[in-house]
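Trainee: A single structure is presented below for examination.
The values are calculated or read from the model by the stated rules, or taken from the named source; none is laboratory data. These figures come from a predicted structure and were not determined experimentally. Cβ coordinates were reconstructed from backbone atoms using ideal geometry, including for glycine residues, and neighbour counts include every protein chain displayed. For accessibility, only protein heavy atoms count, side chains too; no ligands or nucleic acids. Shrake-Rupley method; radii C 1.70, N 1.55, O 1.52, S 1.80 Å.
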Amino acid sequence: MSEFNDLLRQSGLTREEAAEELGVSARTIRRYESGETQARPRDLRVLKGLIAAGARPIARSAAVPFRFVDLFAGIGGLRLGFESIGGRCVFTSEWDEAARTTYSLNFRDNHELGGDIREYSEDPSKVPEHDVLLAGFPCQPFSIAGVSKKNSLNRPHGFLCDTQGTLFFDAAQIIAYWRPKAFVLENVKNLESHDGGTTFRTIINVLRNELGYHVQHRVISSDPWVPQKRERIFIVGFREPTEFDFDRLEVPSAARGPKLKDILQPHDEVDPKYTLTPRLWQYLQDYRAKHQAKGNGFGYSLFGPNDVARTLSARYYKDGSEVLIEQPGSRPRRLTPLECARLMGFDRGDRRWRIEVSDTQAYRQFGNAVVVPVVEFIAKAIEPHIRTAIETAGQMASEPHLVPTVTRPDRSSAAAYA
Ligand SMILES: C[S@@+](CC[C@H](N)C(=O)[O-])C[C@H]1O[C@@H](n2cnc3c(N)ncnc32)[C@H](O)[C@@H]1O
């Protein structure tokens, strides 16, 4: 194998990506590959530099050359899924500094990371053209924990929560402007039932009736892929009618899914700092006893190697109580950040995940994230429809539409969507 071919393979770049990185045409890359033309020393240097940078290539396959944007990106779980089908991320918005650190460490990018989404929804022309829009808009206002916490503080939640709950509309505004061929939105399962269904009806109403998309949704649990039961709702919309049928998509059975032993580190590799202190362990046991006496199911959950964990939450750093790992003859321990990376499918197969933030931040990031193989599964299912949509449109670019502002319900009119 020639040095160029070897470096190209190591870089993981597709021919088109390599062409872009080296500033030559895809035809020239083909000539380099066949040996018809000798690659310039500079080209070899650039490829070596990209490989040495250590981060993952921008995209791994050119099967479907399409561009997507990654909104509320977190650490890029949705992105990994859509890169797995050959998509190329052209824009990212994430405002949390620690999440941005992890994201930049794991994705070598040709674009700046955008911050607050509101800067872009106010002027969507700042977002580049794209074929697919991905958005894991913040779930806290809609999750059971978020709602009960806000209820107990007597604060509004969902759309009535002025900041976080309305962020869906910022994504909708960008969809309204760019009219991508497809979008995939992700949220907690509880989004469907929040506020007696009003929140979800509002979202679907905007997507279907105001934006005119063909919208389907489905709750999918992650346990066929990872040893964690994490149910998330995925909302998929296509600008034009397609034959995609979310309900008929055959999800693998969880019965044959992996168990915790498949992702746990060997005992001697786990730093003792992850074992609960005697004080915290006593506190959790007392707390459970108190609530059990009252007939409540609250408390910690212990898991062994043959189990499947409960949903990892963004609060895992606090006491780890939702997923504690049994240690025979000792107090239980938390999962390590590496085990969380595996539990969420970020570190899986030949993909390694780099973590250089504090444990607290790492737990928050994984607790907020999507399970990557679930997104890979969905991305694979919709890939042919994206390809068809691109072919039908006959061009890669979405035409920006100057549309009126998406209707945002105010506090008094939110119920009007019900
Ligand atoms: C549910 S998480 C998405 C996680 C992502 N899907 C992943 O796999 O990591 C929502 C993200 O939205 C970010 N976010 C919240 N408000 C934002 C805003 N106004 N602008 C940009 N990002 C925001 C949060 O920091 C958080 O990382």
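A quick yes/no check of all residues on (1) in contact (Cβ under 8 Å) with a residue 40 or more places away in the chain; (2) not charged (D, E, K, R):
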| site | (1), (2) |
| --- | --- |
| GLN228 | yes, yes |
| ARG232 | yes, no |
| ILE235 | yes, yes |
| PRO241 | no, yes |
| VAL251 | yes, yes |
| ALA254 | yes, yes |
| ILE263 | yes, yes |
| VAL270 | yes, yes |
| TYR274 | yes, yes |
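Trainee: Could I ask something else about it? Can you tell me which residue in the stretch 292-314 is least open to solvent (accessible area, probe 1.4 Å), limited to those that are part of a loop (DSSP other than H, G, I, E, B) and under 30 Å from ALA73 (Cβ atoms)?
Mentor: If we take residues in the stretch 292-314 being part of a loop (DSSP other than H, G, I, E, B) and under 30 Å from ALA73 (Cβ atoms), then LEU312 is least open to solvent (accessible area, probe 1.4 Å).
Trainee: Against the condition in a loop (DSSP other than H, G, I, E, B), modelled with pLDDT under 55 and either open to solvent by 40 Å² or more (accessible area, probe 1.4 Å) or under 29 Å from GLY87 (Cβ atoms) (or both), how does PRO156 come out, does it pass?
Mentor: Yes; evaluated as a whole, the condition is true for this residue.
Trainee: Could we say that HIS194 is more than 13 Å from the ligand (Cβ to nearest atom), at pLDDT 85 or above and either on the phi > 0 side of the Ramachandran plot or of a type outside the set (S, T, N, Q) (or both) here?
Mentor: yes
Trainee: Checking the condition of a type in the set (A, V, I, L, M, F, W, C), touching a strand residue (DSSP E or B) at 6+ places or on another chain (Cβ under 9 Å) and more than 16 Å from the ligand (Cβ to nearest atom), which residue from LEU338, LEU324 passes?
Mentor: Of the residues listed, the single one that is of a type in the set (A, V, I, L, M, F, W, C), touching a strand residue (DSSP E or B) at 6+ places or on another chain (Cβ under 9 Å) and more than 16 Å from the ligand (Cβ to nearest atom) is LEU324.
Trainee: What about SER358, is it farther than 21 Å from GLU269 by Cα and of a type in the set (Ser, Thr, Tyr)?
Mentor: Criteria not met by SER358.
Trainee: Looking only at helices (runs of 4 or more DSSP H) that lie completely in the stretch 315-371, which have at least 2 residues being at pLDDT 95 or above and buried (at least 22 other Cβ atoms within 10 Å of the Cβ)?
Mentor: The qualifying helices (runs of 4 or more DSSP H) are 337-343, 359-368.
Trainee: Here is a check on your reading of the model: is ARG333 under 19 Å from the mean Cα position of the chain (by Cα), at negative phi and away from the ligand (no atom under 16 Å from the Cβ)?
Mentor: So ARG333 fails the test.
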